[in-house]
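Colleague: Okay, here's the structure, questions in a sec.
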Amino acid sequence: MDWNSMDYSSPKVMGILNVTPDSFYDGGSYTTENAIQQRLEKMLDEGADIVDIGAYSSRPGAADVPEDEELNRLWKVLQIIKRDYPEVLVSIDTFRLSVIQKVFDRFGQVMVNDISGGNFDQKMIEFTAKTCLPYVCMHMQGMPQTMQQNPHYQNVVEEILAFFKKKIEEANKFNHKHFVIDPGFGFGKTVEQNYELMNRLDTFVSLGFPLLVGISRKSMIQKVLNCTADEALNGTTVLNTFALTKGANILRVHDVKEAKEVVKLFEKLN
């Protein structure tokens, strides 16, 4: 499969590979070549459709990362993929256009997973449209470092819906061929707002674009179940199942095997 033949009528699983020292769940776990290799092999053996590489932690309070450092972390993974897994569909979790331009020049076509939805770099949507790169437009209120200090909305669903309508207009202006939307669970939202979004996820399906959901082991699960990230797999599975019933097309997860099982059982029911 390549990006041009991607069919979202069957839900896809995006496996997370964080090569950061400080991500909220697996920070520091995949910094050596051997650890990265093992993680890639495990996710692909378990059936990951996409591998999402994060080299800049966006957890609340995370330190800023210089562009050179972000690129160095990415190259470490991309070199392994190019050498050993050339058929893998790769997503890059970044909001920096300069990073994507360099990755595109050296590695080729990747999905761009932009937590800022193009707000941190105004040319991101235009560039991905013109280079035919798949683009995930995520909603976030505020900045990663401060987004959870005081999230506020008059109506969380309607405001995020308006955000996406504006971004879709911009994408259509550049004739974007592969545009994906992500409500951004946990990014500038309270626990209550996250669950309101989850309950009304089908509202975003009505926009007519593939929908990505990323709730894997997040605090919206931990706070309700009074558990740690390590203990949040069961809650993740429950919410991933619910997200599929509401129209999610991509599940972004730390635990690929369990998510693929969710998809398989969901498709059996349907």
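Colleague: Please go through the stretch 48-82 and give me each residue that is modelled with pLDDT under 90 and more than 19 Å from SER98 (Cα to Cα), ordered by number.
Modeller: Residues satisfying the conditions are ARG59, PRO60, GLY61, ALA62, ALA63.
Colleague: Which pairs turn up if I take residues in the stretch 1-12 that are under 18 Å from VAL262 (Cα atoms) and free of Cβ contacts under 8 Å to residues at least 40 places away in the same chain and look for partners that are assigned to a loop (DSSP other than H, G, I, E, B) and hydrophobic (A, V, I, L, M, F, W, C) with beta carbon separation below 7 Å, at least 6 apart in sequence or on another chain?
Modeller: Short answer, once both residue conditions are applied: none.
Colleague: Within the stretch 207-251, work out how many residues are among the charged types (D, E, K, R), under 16 Å from LEU197 (Cβ atoms) and in contact with an Asp or Glu (Cβ under 9 Å, 6 or more places away or on another chain).
Modeller: The qualifying residues number 1.
Colleague: Identify all residues within the stretch 178-189 that are at pLDDT 95 or above and of a type outside the set (Phe, Trp, Tyr); write none if there are none.
Modeller: Across the stretch 178-189, the qualifying residues are HIS178, VAL180, ILE181, ASP182, PRO183, GLY184.
Colleague: Specify the residue that is farthest from VAL213 (Cα to Cα); the eligible residues are those in the stretch 99-132 that are of a type in the set (A, V, I, L, M, F, W, C) and part of a loop (DSSP other than H, G, I, E, B).
Modeller: PHE107
Colleague: Which one of these is in contact with a helix residue (DSSP H, G or I) (Cβ under 7 Å, 6 or more places away or on another chain) and touching a residue at least 60 places away in the same chain (Cβ under 8 Å): VAL256, VAL191, VAL180, VAL262?
Modeller: Being in contact with a helix residue (DSSP H, G or I) (Cβ under 7 Å, 6 or more places away or on another chain) and touching a residue at least 60 places away in the same chain (Cβ under 8 Å) holds for just one of VAL256, VAL191, VAL180, VAL262, which is VAL256.
Yes/no matrix, rows are residues, columns are (1) part of a helix (DSSP H, G or I); (2) surrounded by 17 or more Cβ atoms within 10 Å (Cβ to Cβ); (3) in contact with a Phe, Trp or Tyr (Cβ under 9 Å, 6 or more places away or on another chain); (4) at pLDDT 95 or above:
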| position | (1), (2), (3), (4) |
| --- | --- |
| GLN148 | no, yes, yes, no |
| ILE168 | yes, yes, yes, yes |
| LEU212 | no, yes, no, yes |
| ASP230 | yes, no, yes, no |
| THR236 | yes, yes, no, yes |
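Colleague: Given the condition touching a strand residue (DSSP E or B) at 6+ places or on another chain (Cβ under 9 Å), under 25 Å from VAL112 (Cα atoms) and not hydrophobic (A, V, I, L, M, F, W, C), answer yes or no: does some residue in the stretch 188-196 qualify?
Modeller: no
Colleague: Then there is this: Name the residue that is modelled with the highest pLDDT, counting only residues in the stretch 214-228 that are buried (at least 17 other Cβ atoms within 10 Å of the Cβ) and of a type in the set (Ser, Thr, Tyr).
Modeller: SER216
Colleague: I would also like to ask the following. Restricting to the stretch 175-210, what's the tally of residues that are among the small types (Gly, Ala, Ser), surrounded by 15 or more Cβ atoms within 10 Å (Cβ to Cβ) and within 22 Å of THR245 (Cα to Cα)?
Modeller: 2
The values are calculated or read from the model by the stated rules, or taken from the named source; none is laboratory data. Everything quoted here is computed from the prediction, not taken from an experiment. A quick note on method: Cβ atoms are made from the backbone with ideal geometry, for glycine too, and the neighbour counts reach across all protein chains shown.
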